[in-house]
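Notes for the one structure printed next.
The values are calculated or read from the model by the stated rules, or taken from the named source; none is laboratory data. Because the structure is predicted, anything quoted here is derived from the model rather than measured. No Cβ is skipped: glycine too gets one built from the backbone with ideal geometry, and neighbour counts run over all protein chains shown.
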Amino acid sequence: MAVYCEICGSEIKREIHLIRVNSSELRVCKSCAKYGEVKKVLEKNQLAHSAARSPASSPQISPSDDKKTTKIYEQMLQDLNEEEDEDFGRRVKEARERKGWKQEELAQKIHEKQSIIRKIETGDIIPTKELREKLQRVLNI
C-alpha cells in the first residue's frame, strides 16, 4: 500500500512522521516533518495499526498564534515551489550552452564538481537554495 506525504505528495518509503500543525495531524515524509511538531514516527508497516484509531479520539490542541502559523505555511509553500521547479535543470543547461561553457567550466566558476552540474541538468538532484542562487547569479537566470 503506497503512502504519500500530505505536504509534498512524495511517496513515503520508510518512516511515516505524524506531525501536528495547529489542530491538524498530518502523515508526512522525513523532510516535511520540520513543518510541525512531531508526535510519532512509524515504520510504514505500523500504519495499519495507527489507522484503526479514529481522528475523533485524538486529543485536540488549541490553535497557536496566527502569525506563527502563517509563517510556517509561507515557508512550506516557498520550499515546495523551489523543489517543484522541474525546469531548473533545463534552464541551467540552456544558459550554460548560451555562454559557450562546458559543464566543467561552469563547475569551476561556482566551485562545485562537474558531476553536480550534470546531475542538476539531468534532473537527478535538486540543488540546495545556496547552490541554486550561485547558478542563477553566474548564469543570469
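Name the single residue, out of those in the stretch 1-51 being of a type in the set (D, E) and part of a strand (DSSP E or B), that is modelled with the lowest pLDDT.
Step one: list which residues in the stretch 1-51 are of a type in the set (D, E), which gives 6, 11, 15, 25, 37, 43.
Filter once more, keeping what is part of a strand (DSSP E or B): 11, 15, 25, 37, 43.
On the way: E11: 87, E15: 89, E25: 90, E37: 91, E43: 81.
The extreme case among them is E43.
Name the residue that is modelled with the lowest pLDDT, counting only residues in the stretch 75-87 that are surrounded by fewer than 13 Cβ atoms within 10 Å (Cβ to Cβ) and in a helix (DSSP H, G or I).
Restricting to residues being surrounded by fewer than 13 Cβ atoms within 10 Å (Cβ to Cβ) and in a helix (DSSP H, G or I), the top hit is N81.
Modelled with pLDDT of 65 or more, touching an Asp or Glu at 6+ places or on another chain (Cβ under 8 Å) and charged (D, E, K, R): does that describe R90? Can you show your working first?
Details: modelled with pLDDT of 65 or more: yes; touching an Asp or Glu at 6+ places or on another chain (Cβ under 8 Å): yes; charged (D, E, K, R): yes.
So R90 fits the description; yes.
Go through the stretch 12-23 and report how many residues are more than 14 Å from E43 (Cα to Cα), in contact with an Asp or Glu (Cβ under 9 Å, 6 or more places away or on another chain) and either surrounded by fewer than 21 Cβ atoms within 10 Å (Cβ to Cβ) or in contact (Cβ under 8 Å) with a residue 60 or more places away in the chain (or both).
2
I'd like the full set of residues that are of a type outside the set (K, R), over 20 Å from the mean Cα position of the chain (by Cα) and in a helix (DSSP H, G or I), limited to the stretch 99-141.
Within the stretch 99-141, the subset of a type outside the set (K, R) is 100-101, 103-108, 110-112, 114-117, 120-128, 130-131, 133, 135-136, 138-141.
Of the ones still in play, those that are also over 20 Å from the mean Cα position of the chain (by Cα) are 100-101, 103-108, 110-112, 114-115, 138-141.
Result: Q103, E104, E105, L106, A107, Q108, Q114, S115, V138, L139.
Can you tell me how many residues within the stretch 24-41 are of a type in the set (A, V, I, L, M, F, W, C) and surrounded by fewer than 17 Cβ atoms within 10 Å (Cβ to Cβ)? So that I can check it myself, show each step before the final result.
Start the filter on the stretch 24-41 by keeping residues that are of a type in the set (A, V, I, L, M, F, W, C), which leaves 26, 28-29, 32-33, 38, 41.
Within this subset, residues satisfying the condition of being surrounded by fewer than 17 Cβ atoms within 10 Å (Cβ to Cβ) are 38, 41.
Total meeting the criteria: 2.
When you check I72 against the structure, is it in a helix (DSSP H, G or I) and modelled with pLDDT of 90 or more, yes or no?
no
Report yes if E121 is surrounded by 13 or more Cβ atoms within 10 Å (Cβ to Cβ) and either at pLDDT 90 or above or not assigned by TED's automatic domain parsing to the domain that holds K34 (or both), otherwise no.
Numbers: surrounded by 13 or more Cβ atoms within 10 Å (Cβ to Cβ): yes; either at pLDDT 90 or above or not assigned by TED's automatic domain parsing to the domain that holds K34 (or both): yes.
Taking the combined requirement at face value, the residue satisfies it.
Do any residues in the stretch 124-141 that are surrounded by fewer than 15 Cβ atoms within 10 Å (Cβ to Cβ) have Cβ atoms under 6 Å from those of residues that are modelled with pLDDT under 95, where the two are at least six apart or on different chains, and which pairs are they?
Pairs found: I125/K119; I141/R91.
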